[in-house]
Amino acid sequence: MIGTTLEAAVRYNPLPHCVWSPYAFAGMGWQRYDVTGTSMHMWDSGMGNGDNSAVYPFGAGVAYHAGNRLMVDVHGTFRLNENPGLVLDRQSSNSYVPMHTWEASGGIGYEF
């Protein structure tokens, strides 16, 4: 399965000039899943070949501004997936399994 996501978010930094800078963010986007290598049939397997849906990412993190413009960042993101349609819920034949996702990530960067 291949997933593609495009999203934009707004970030709020209450302490932008401090060494430790916490922040929160929220946004919206588009997500596409494609099943590759086989042909799936909803009536047989309960899973389709692909799906498009709206996603709403939000989360929080903290950035550490080290000397010499070096920055270290860690954050967590939850993506609320609206209108999933890829995997049929076996408990209720009229609905689909939620495709919400979460991640924890970090990065190191240089500020110009």
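Read the figures in this text as sums done on the coordinates, not as results from a lab. Given the structure is predicted, the values throughout are model-derived calculations rather than measurements. Backbone-built Cβ (ideal geometry, glycine too); neighbour counts: all protein chains shown.
Given springs between every Cα pair under 10 Å in a Gaussian network model of the chain, which of M28, M99, M71 has the largest fluctuation?
M71
Rank T101, T36, T77 by mean-square fluctuation in a GNM of the chain with C-alpha springs under 10 angstrom and give only the top-ranked residue.
Greatest mean-square fluctuation among the candidates belongs to T36.
State to the nearest 20 debye the size of the charge dipole of the chain about its Cα centre, where the only charges are +1 on K and R beta carbons and -1 on D and E beta carbons.
For this selection, approximately 240 debye.
Mind listing which trypsin sites (Lys or Arg not before Pro) in the stretch 5-107 are in a DSSP loop and have 14 or fewer other Cβ atoms within 10 Å?
R69, R90
Got the relative contact order for the chain handy, in percent, Cα pairs under 8 Å and 6 or more residues apart?
Taking the mean separation of contacting Cα pairs over the length of the chain, I get 22 percent.
Roughly how many whole Å is it from the C-alpha centroid of the stretch 4-42 to that of the stretch 59-112?
If you average the Cα positions of each part, the centres end up 6 Å apart.
Which of L15, G76, T38 sits closest to the plus end of the dipole of the stretch 2-110, meaning its Cα is farthest towards the positive end, when Lys and Arg get +1 and Asp and Glu get -1 on the C-beta?
L15
Based on the Cα coordinates of the chain, what is the per residue volume of their convex hull in Å³?
116
Give, in nm to one decimal, the length gained when the segment between T101 and A26 is fully stretched (0.36 nm per residue of separation minus the Cα-Cα distance).
25.6 nm
Give me the three principal axis extents of the stretch 66-112 from the C-alpha atoms, as integers in angstrom, largest value leading.
Computed over the stretch 66-112, the largest-to-smallest principal extents equal 58, 16, 11 Å.
For the chain, what is the mean residue ellipticity at 222 nm derived from helices alone (per DSSP H run of n ≥ 4: -39500 (n - 2.57); sum divided by total residues; nearest 500 deg cm²/dmol)?
The helix contribution divided over the chain gives -500 deg cm²/dmol.
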